[in-house]
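K.L.:
Mind looking over this structure? Questions follow.
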Amino acid sequence: MMGLLPDVADDLGTSVPTAGYLVSAYALGVVIGAPLLTALGSRVPRKRMLVVLMAVFTVGNLASALAPTFGLLVAGRLLAGLPHGAFFGVGAVVAARLVKEGRQARAVATMFLGLTVANIVGVPAATLLGQHLGWRATFLVVAAVGLVAMAALARLIPQLPAERHTGLAGELRALGDRQVLLGLLTTVFGFAGVFAVYSYLASMMTEVTGFAAGSVPLVLALFGIGMTLGALAAGPLTDRALRPTLYGSLGALALVLAAFHFTAPVKWAALVTVVLVGGIGFLTTTPLQMLVMNKARQAPTLAAASNQSAFNLANAGGAWIGGLVLSAGWGWTSPTVAGAVLAAAGLVVAVAAGLLDRGAPDPARIVARGGEPEPTAAPAPATDAVNS
């Protein structure tokens, strides 16, 4: 959606900041749909659940392509967002169950690499397609890709053994764990910093940096390359030391977003910063996902889906805050400052959670069989708590 905001705004007679609410609509769909659809589908086989969720996503994008008014387009984006969180929540647990202990973060990071491919290829291609054939053609193509994805899921995902069910009440109790809630809050604040900037990156590159509109797809591709580098690094680092990876990535994100305010007017510096924001921003995703999955113990799927809600609440909040500072007349680079403050707030929450968790027993981790936690013989030493 981000690369299409100027085209949608022009076509439907609204402003770019107002069009940014389309990002928020999709994100809010994720926030609503992730826990709801995950709970409703808790007894559905994981493979079938993934196919059904992709079908809903496809219908939502088709509705977006055909929407005659801005209001109906908002509704289409909301519908397309409903299955997103549940899809990634189920997918994360499936990925973790397919590998041996000690490589689960790498498996989740590998699944998330699909998002980086989307940003390297899909987002720039969608932007280019929207500029030449109109934004509606972009959503028609996305709907067609959704059909292909459904076929791939049905063909390639293996049937997994049934999971042990704790019931909805048990899963909700697991989500009430203090560390899970702090992890979700870290996601909301930390990742909102990325989307406060990314939602308006196309306009910032043309209005401040001086790139032509035709160069925006290249800029978005560079952001995607940064995401890929971040995803490749996130898995091994998270498997080795979860909390230090989280602290380092959030701190670096706050710094690089603050720097973007000064590098944006210089073309080469702006491009380097775009790569860094993509890479460091995506480096935060795997430790955040693994943290809530590990801490939730008996409800890893609902926890993973809820974290996707948190990610997209961050997307919605980031886009909203970025739009607020732009509408206040603070300039096209003002979202970078707002983003830096949000990332710093996420770091504060993460460090506070780590201090509260210091010396606690190492949580049960997600294992490859049956979705049940692996029993621990004894509490982990206090010095290992930062890695949990």
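K.L.:
Determine the distance separating the Cα centre of the range 91-152 from the Cα centre of the range 279-320; give it in Å without decimals.
P.N.:
Here the answer is 17 Å between Cα centres.
K.L.:
Using a basic spin-label model with each label point 7 Å from the Cα along Cα→Cβ, how many nm lie between residue 181 and residue 133?
P.N.:
A separation of 4.9 nm, rounded to one decimal place.
K.L.:
Tell me, what is the FRET efficiency for residue 69 and residue 348 to the nearest 0.05, using R0 = 45 angstrom and their Cβ-Cβ distance as r?
P.N.:
Computed FRET efficiency for residue 69 and residue 348: 0.60.
K.L.:
For the range 1-154, with all protein chains present and a 1.4 Å probe, just round the carbon and sulfur fraction of the accessible area to a whole percent.
P.N.:
After summing per-atom areas, the C and S share lands at 74 percent.
K.L.:
Select from 327, 64, 24 the residue whose mean-square fluctuation is largest in a Gaussian network model of the chain (Cα-Cα springs shorter than 10 Å).
P.N.:
327
K.L.:
Could you give the length gained by full extension between residue 207 and residue 328, i.e. 0.36 nm per residue of separation minus their alpha carbon distance, to one decimal place?
P.N.:
Stretched out fully, the residue 207 to residue 328 stretch lengthens by 41.9 nm.
K.L.:
When only alpha-carbon atoms count, how far does the range 234-301 stretch along each of its three principal axes, as whole angstroms with the largest first?
P.N.:
Projected onto the principal axes, the Cα atoms of the range 234-301 cover 50, 21, 16 Å.
K.L.:
Next question, about the same structure. For a test of the definition: using alpha carbon positions, the gyration tensor, and the 1.5 limit on a/c, classify the chain as rounded, prolate or oblate.
P.N.:
It comes out oblate by the Cα gyration axes.
K.L.:
Checking the a/c ratio against 1.5 first, then a/b against b/c, what shape does the Cα gyration tensor give for the range 111-268?
P.N.:
oblate
K.L.:
Separation between the residue 145 and residue 118 pseudo-spin-labels, each 7 Å from Cα along Cα→Cβ, expressed in nm?
P.N.:
For residue 145 paired with residue 118, the spin-label model returns 0.8 nm.
K.L.:
Taking N as the number of residues in the range 276-356, what value does Rg over Cα atoms divided by 2.2 N^0.38 Å take?
P.N.:
That ratio works out to 1.27.
K.L.:
Okay, moving on. If you roll a 1.4 Å probe over the heavy atoms of the protein chains, what accessible area per residue do you get for the chain, in Å²?
P.N.:
40 Å²
K.L.:
Net charge around residue 154, counting only other residues with Cβ within less than 12 Å of its Cβ (Lys, Arg = +1; Asp, Glu = -1)?
P.N.:
+3
K.L.:
Using a probe of 1.4 angstrom, how much of the accessible area of the range 185-333 is carbon and sulfur, in percent? Let's see the in-between values first.
P.N.:
On the way: 3390 of 4570 Å².
Carbon plus sulfur share of accessible area: 74 percent.
K.L.:
Let me ask another. To the nearest 10 degrees, how steeply does helix 334-357 sit against the main Cα axis of the chain, on a 0 to 90 scale?
P.N.:
10 degrees
K.L.:
So, one more: Once Rh is set to the Kirkwood radius over Cα pairs, what Stokes-Einstein translational diffusion coefficient, in µm²/s, holds for the range 70-145 at a temperature of 37 °C and a viscosity of 0.692 mPa s?
P.N.:
My calculation gives 227 µm²/s for D.
K.L.:
Give the peptides 50-61, 134-145 in descending order of average Cβ contacts within 10 Å, highest first.
P.N.:
Ranked by mean Cβ neighbours within 10 Å, highest first: 50-61, 134-145.
The values are calculated or read from the model by the stated rules, or taken from the named source; none is laboratory data. Because the structure is predicted, anything quoted here is derived from the model rather than measured. Glycine gets a Cβ as well: all are built from the backbone with ideal geometry, and neighbour counts include every protein chain shown. We work out accessible area using only protein heavy atoms, side chains counted, and drop any ligands, DNA or RNA first. Shrake-Rupley method; radii C 1.70, N 1.55, O 1.52, S 1.80 Å.
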